[in-house]
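Working notes, beginning with the structure itself.
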Amino acid sequence: MGGFMVDIALSMMPEGVLFEAVSETGNCLPDAIQLLTPCTIGNGWMRILNLGRYALSLYDKKSGEGVRVFVDPVAVGECPEVKAWFFRLAKLGPGSFCLECKACTFPKCPFGG
């Protein structure tokens, strides 16, 4: 979900603009921002304001103008699997929703470890 949200925000930002990011949650969304943009906690271009909303903003470093993408909790009700994940209404695990779990074997690494 976070990856799609970052992609939407990026598509609405002008080309070539230097931007910063704000995540309104500390859960999962900051990871997507750091993976898909140059904004990280380390370089100071991303801030986390733990407001309990699954939302992010990208904004121009100079003008402050930008875009905010958020999950609408009412609209989430239309998607039972997403609603259960966001609101922790069901335990996710093998056999639940669209998750699947199968046993597998990986070959041993030829380099050790």
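The values are calculated or read from the model by the stated rules, or taken from the named source; none is laboratory data. Predicted model, so just to flag it, every value in this text is computed and none were measured. All Cβ positions, glycine included, derive from the backbone under ideal geometry; neighbour counts span all protein chains shown.
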Single match in Val74, Val17 (criterion: aliphatic (A, V, I, L, M) and either assigned to a loop (DSSP other than H, G, I, E, B) or modelled with pLDDT of 95 or more (or both)):
Val17
Could you pull out the residue among Gly42, Gly52, Gly64 that is exposed (fewer than 14 other Cβ atoms within 10 Å of the Cβ) and either among the β-branched types (Val, Ile, Thr) or modelled with pLDDT of 95 or more (or both)?
Gly42
Among the residues of the range 1-42, write down those that are free of Cβ contacts under 8 Å to residues at least 40 places away in the same chain and charged (D, E, K, R).
Asp7, Glu15, Asp31
Can you give me the number of residues within the range 68-80 that are aliphatic (A, V, I, L, M), farther than 19 Å from Cys28 by Cα and surrounded by 12 or more Cβ atoms within 10 Å (Cβ to Cβ)?
0
Which members of the range 4-28 meet the condition of being surrounded by fewer than 14 Cβ atoms within 10 Å (Cβ to Cβ) and not polar (S, T, N, Q)?
Phe4, Asp7, Ile8, Met12, Pro14, Glu15, Gly16, Leu18, Gly26, Cys28
